[in-house]
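Accompanying notes for the structure given below.
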Number of protein chains: 2
Amino acid sequence: MTNFELIQKLAQPASSKIILLVLDGLGGLPNPDTGRTELETATTPNLDHLATEGICGLADPVRRGITPGSGPGHLALFGYDPIRFNIGRGVLETIGIDFNLESGDIAARGNFSTINKDGLVIDRRAGRISTEQCAKLCQMLDGMTVANVRALVRPVKDHRFVVVFRGEGLDAAVTDSDPQQIRVLPKTITALKPEAARMADIGNQFVAQAKKALADQHPANMILLRGFSRSPQFPTIEEIYRLRSAAIAVYPMYRGLARLVGMEILDTGASIEDEFNILKQNYASYDFFFIHIKGTDSAGEDGNFDRKVSVIEEVDKALSCLTDINPDVLVITGDHSTPARLKAHSWHAVPVLLHSKWCRPDGVTEFSELACIGGGLGRFLATEIMPLAMAHALRLTKFGA
Amino acid sequence: MTNFELIQKLAQPASSKIILLVLDGLGGLPNPDTGRTELETATTPNLDHLATEGICGLADPVRRGITPGSGPGHLALFGYDPIRFNIGRGVLETIGIDFNLESGDIAARGNFSTINKDGLVIDRRAGRISTEQCAKLCQMLDGMTVANVRALVRPVKDHRFVVVFRGEGLDAAVTDSDPQQIRVLPKTITALKPEAARMADIGNQFVAQAKKALADQHPANMILLRGFSRSPQFPTIEEIYRLRSAAIAVYPMYRGLARLVGMEILDTGASIEDEFNILKQNYASYDFFFIHIKGTDSAGEDGNFDRKVSVIEEVDKALSCLTDINPDVLVITGDHSTPARLKAHSWHAVPVLLHSKWCRPDGVTEFSELACIGGGLGRFLATEIMPLAMAHALRLTKFGA
């Protein structure tokens with residue numbers, strides 16, 4: 001019996017409410033000057049109060065030492081073993097813009113990027129061009145055809161876009177063209193198994209056509225593709241947990257991920273208060289809410305320690321909006337760590353706070369990486385967060401007599 | 001290699017003794033007035049002394065968030081993965097009363113219960129009738145025959161009984177008639193696969209006959225059946241650990257469970273001192289003793305915080321009886337938590353204390369949920385308790401050269 005089968009068997013209907021508040025990239029590393037992480041530097045009276053009443057711990061999204069991408073990080077938070085349940089980046093981005101993937105479609109994530117006259121990548125993001133500019137460029141590429149396969153190209157945000165290859169006999173098992181570094185040539189897309197040779201060939205031809213079409217569009221004079229993938233079929237949150245679920249997220253990828261596990265997507269404004277208010281307005285209609293805060297991760301990726309601190313403080317200030325409605329279970333955590341010092345996602349364990357009237361308190365009085373080491377939840381896999389939330393919401397019956 | 005195969009491979013004969021003292025439902029939740037759990041409230045100088053000399057931790061019987069029944073909770077303590085090794089409630093209860101199950105028998109657990117004139121269940125336990133009354137009612141039902149299948153009905157305790165269906169072509173894959181709630185009708189027993197249709201049909205006919213026979217026996221005017229099951233074949237404690245094992249338990253279910261894993265059952269009086277003295281008298285004859293204390297769980301289930309505290313204190317007072325004989329390893333823990341505040345089994349991790357002269361002490365100076373968070377055993381699965389006990393008894397050889 002898998003963990004899902006176990007939970008499916010034990011899940012029972014209830015009227016309790018669960019909120020999962022995800023501060024993307026929450027975990028950090030200490031500022032060398034102060035010895036305190038972003039979370040430890042932030043003034044967070046509300047989070048600390050919740051930590052005092054609730055129970056804390058440290059979660060590993062995938063395994064110890066493994067740095068998760070956004071997909072695996074979130075799947076783990078929703079209880080899906082990210083090694084078993086694999087989503088390509090292309091599919092995730094595509095779902096996030098409400099694009100309707102058809103059976104057989106292969107989706108890839110694209111970056112508009114800058115190459116120099118030798119063809120070397122000098123900016124993987126083309127100076128982060130505007131979304132408007134991105135949309136204009138996508139129109140130039142949209143509908144290109146290679147060997148009876150159409151490339152459907154759609155803008156995402158800034159320099160990001162998706163391309164969906166629609167046609168016969170395509171297989172997603174191909175490598176990226178994005179080299180993930182600068183001062184090198186884009187990579188040639190290659191097949192990882194014989195059946196994918198056609199996709200690799202078409203991918204390379206499409207990149208060549210796009211390069212030609214974009215020649216005069218400096219800084220966006222090249223595209224880089226990655227995450228070729230086909231839409232997977234996952235059991236839904238409702239099937240596993242019997243929860244009517246809703247997602248509140250500003251950035252498309254997280255909405256796409258939520259949709260993939262069957263959540264309904266609620267429209268929201270861009271601010272933290274907007275997101276919290278949308279939850280409040282829809283509180284009666286769902287059992288489970290996933291709220292995604294992007295700012296912590298963006299600041300971490302930019303290496304901006306102080307801005308990450310500010311975003312955490314902003315969340316703390318807005319928290320009363322959630323605590324006022326007194327949810328049965330409130331979980332606050334991240335999908336992975338993004339220490340500003342590393343300017344990237346990292347493998348460091350993620351602080352977890354679970355607040356419920358059925359917590360056994362643990363003596364932790366502040367929400368911080370250091371305090372969470374001694375928390376009552378201990379050190380555990382992020383996939384166990386949902387079973388714990390379900391238990392504290394009294395939504396799991398006893399296992400065995 | 002499974003964990004069992006590993007242990008089987010490494011287990012070596014020795015003269016050391018291991019005692020596993022199980023305080024059923026030991027783990028608790030804080031009394032809101034004091035912030036202290038039952039175990040933290042109890043005055044336990046002897047347990048605290050053992051915790052100081054030994055090593056502590058917190059165990060999850062099944063998985064984080066999963067509330068175990070008594071069967072899974074105990075199997076985990078004996079080292080059996082409770083998800084892999086599954087015992088039906090009917091079998092467990094039946095074995096507990098020394099009933100000799102034959103091959104092909106299907107056992108179910110029964111409650112005498114009360115229905116009103118509309119047939120709705122108004123008391124699932126018929127006011128907890130006496131064991132004597134239960135025995136009398138069982139005699140009325142015993143030997144009833146449906147389609148060449150005999151129903152053998154035996155009293156357990158209070159309102160509890162077992163029924164063993166003996167005949168050809170029976171399969172245990174049927175649902176319960178016990179609705180597990182009141183103000184609803186008893187459920188119809190239904191087959192979970194085609195082969196079980198005969199059992200479902202016979203079960204329903206037996207319930208109908210019993211209802212008719214009990215019509216005048218208010219409050220015990222109905223029966224509710226659950227946990228239809230066939231006796232499983234598990235490897236024994238002796239096969240896995242090379243331990244000659246004995247069980248000391250007052251309540252039949254725990255004796256049944258111990259017998260299922262091959263333990264010998266020692267007769268005992270009902271008090272904690274009785275149980276401890278029986279161990280002492282049989283100390284030379286076995287390598288491993290499982291002693292079960294029921295009072296902690298009963299008090300927790302009744303929501304009686306103070307009584308649970310008293311039972312823990314009673315165990316503490318009697319402990320010298322066990323420590324005087326200086327066992328090589330003494331493990332004190334629970335099969336799950338039963339917080340008085342919840343009046344039920346719960347998912348909360350269970351405090352574990354392991355005392356041996358080979359412990360690496362951990363700075364814990366009292367046996368409590370809070371102190372165990374910082375214990376040297378950390379947070380772990382209960383199935384790891386037996387390997388740890390074996391190791392501290394110097395009964396496991398080195399793995400690999």
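The values are calculated or read from the model by the stated rules, or taken from the named source; none is laboratory data. Worth saying up front: this structure is predicted, and the values here are computed from it rather than measured. Neighbour counts are summed over all protein chains in view; Cβ atoms, including those assigned to glycine, are modelled from backbone coordinates with ideal geometry.
Observations on the structure shown:
Condition check ((1) of a type in the set (A, V, I, L, M); (2) more than 14 Å from chain A (Cβ to nearest Cβ)) across all residues:
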residue: B:G169; (1), (2): no, yes
residue: B:T190; (1), (2): no, yes
residue: B:K193; (1), (2): no, yes
residue: B:F206; (1), (2): no, yes
residue: B:A215; (1), (2): yes, yes
residue: B:L225; (1), (2): yes, no
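- B:T323, sole failed condition from (1) within 13 Å of chain A (Cβ to nearest Cβ); (2) within 22 Å of B:E40 (Cα to Cα); (3) touching a strand residue (DSSP E or B) at 6+ places or on another chain (Cβ under 9 Å): (1)
- Restricting B:R150, B:R230, B:R183 to residues that are of a type in the set (D, E, K, R) and closer than 15 Å to B:G88 by Cβ narrows the list to B:R230.
- The sole residue among B:G79, B:G57, B:G28, B:G35 that is within 28 Å of A:I385 (Cα to Cα) and over 22 Å from the mean Cα position of the chain (by Cα) is B:G35.
For (1) within 22 Å of B:A371 (Cα to Cα); (2) modelled with pLDDT of 95 or more; (3) surrounded by 24 or more Cβ atoms within 10 Å (Cβ to Cβ); (4) out of contact with any Ser or Thr (no Cβ under 7 Å at 6 or more places or on another chain), each residue gets a yes or a no:
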site: B:I293; (1), (2), (3), (4): no, yes, yes, yes
site: B:G303; (1), (2), (3), (4): no, yes, no, yes
site: B:D306; (1), (2), (3), (4): yes, yes, no, yes
site: B:I312; (1), (2), (3), (4): yes, yes, yes, no
site: B:L319; (1), (2), (3), (4): yes, yes, no, yes
site: B:D328; (1), (2), (3), (4): no, yes, no, no
site: B:I332; (1), (2), (3), (4): yes, yes, yes, yes
site: B:S346; (1), (2), (3), (4): yes, yes, yes, no
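- Among the residues of region B:120-139, the ones that are of a type in the set (V, I, T) and part of a helix (DSSP H, G or I) come to 1 in all.
- Wholly enclosed strands (runs of 3 or more DSSP E) of region B:1-119 bearing at least 2 residues closer than 26 Å to B:H345 by Cβ, at pLDDT below 95 and within 11 Å of another protein chain (Cβ to nearest Cβ): none
- Selection status of A:D216, assigned to a loop (DSSP other than H, G, I, E, B), assigned by TED's automatic domain parsing to the domain that holds A:G119 and among the charged types (D, E, K, R): yes
- Residue tally, condition part of a loop (DSSP other than H, G, I, E, B) and away from chain B (no Cβ under 14 Å), over region A:363-374: 3
- Of the residues screened, A:H355 is one that is touching a helix residue (DSSP H, G or I) at 6+ places or on another chain (Cβ under 8 Å), away from chain B (no Cβ under 14 Å) and within 26 Å of B:T338 (Cβ to Cβ).
- Residue pairs meeting the criteria (Cβ under 8 Å; at least 6 apart or on separate chains; first within 16 Å of B:L20 (Cα to Cα) and in the same structural domain as B:Q281 (by TED's automatic domain parsing), in region B:220-247; second of a type in the set (G, A, S) and part of a loop (DSSP other than H, G, I, E, B)): B:I237/B:G262; B:E238/B:G262; B:Y241/B:G79; B:S245/B:G262
Conditions (1) among the hydrophobic types (A, V, I, L, M, F, W, C); (2) touching a residue at least 40 places away in the same chain (Cβ under 8 Å), marked per residue:
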{"residue": "B:R259", "(1), (2)": "no, yes"}
{"residue": "B:G262", "(1), (2)": "no, no"}
{"residue": "B:L266", "(1), (2)": "yes, no"}
{"residue": "B:K280", "(1), (2)": "no, yes"}
{"residue": "B:S285", "(1), (2)": "no, yes"}
{"residue": "B:I293", "(1), (2)": "yes, yes"}
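- Just one of the listed residues (A:V156, A:V162) is within 25 Å of the chain's Cα centre (by Cα), closer than 18 Å to A:G203 by Cα and buried (at least 21 other Cβ atoms within 10 Å of the Cβ), namely A:V162.
- Apart from one condition, B:D267 fits all of (1) farther than 30 Å from B:A173 by Cα; (2) part of a helix (DSSP H, G or I); (3) of a type in the set (D, E); the exception is (2).
- Per-region count, region B:70-81, residues touching a Ser or Thr at 6+ places or on another chain (Cβ under 8 Å) and not aliphatic (A, V, I, L, M): 3
- Restricting the first member to region A:339-362 and to residues that are assigned to a loop (DSSP other than H, G, I, E, B), and the second to residues that are surrounded by fewer than 22 Cβ atoms within 10 Å (Cβ to Cβ) and of a type in the set (G, A, S), the beta-carbon pairs closer than 6 Å and six or more apart or on different chains are A:P339/A:S346; A:A340/A:G303; A:K343/A:G303; A:W347/A:G65.
- Residues of region A:392-401 satisfying the condition of being under 17 Å from A:I237 (Cα atoms), more than 7 Å from chain B (Cβ to nearest Cβ) and either touching a helix residue (DSSP H, G or I) at 6+ places or on another chain (Cβ under 9 Å) or without any contact (Cβ under 8 Å) to a residue 40 or more places away in the chain (or both): A:R395
- The set of residues from region A:378-391 being more than 8 Å from chain B (Cβ to nearest Cβ) and either surrounded by fewer than 22 Cβ atoms within 10 Å (Cβ to Cβ) or more than 22 Å from the chain's Cα centre (by Cα) (or both) comprises just one member, A:L381.
- Residues in region A:218-245 that are within 30 Å of A:A284 (Cα to Cα), under 17 Å from the mean Cα position of the chain (by Cα) and crowded, with 22+ Cβ neighbours inside 10 Å: A:I237 alone.
- Within region B:292-310, at least one residue is farther than 30 Å from A:K357 by Cα and not assigned by TED's automatic domain parsing to the domain that holds B:K157.
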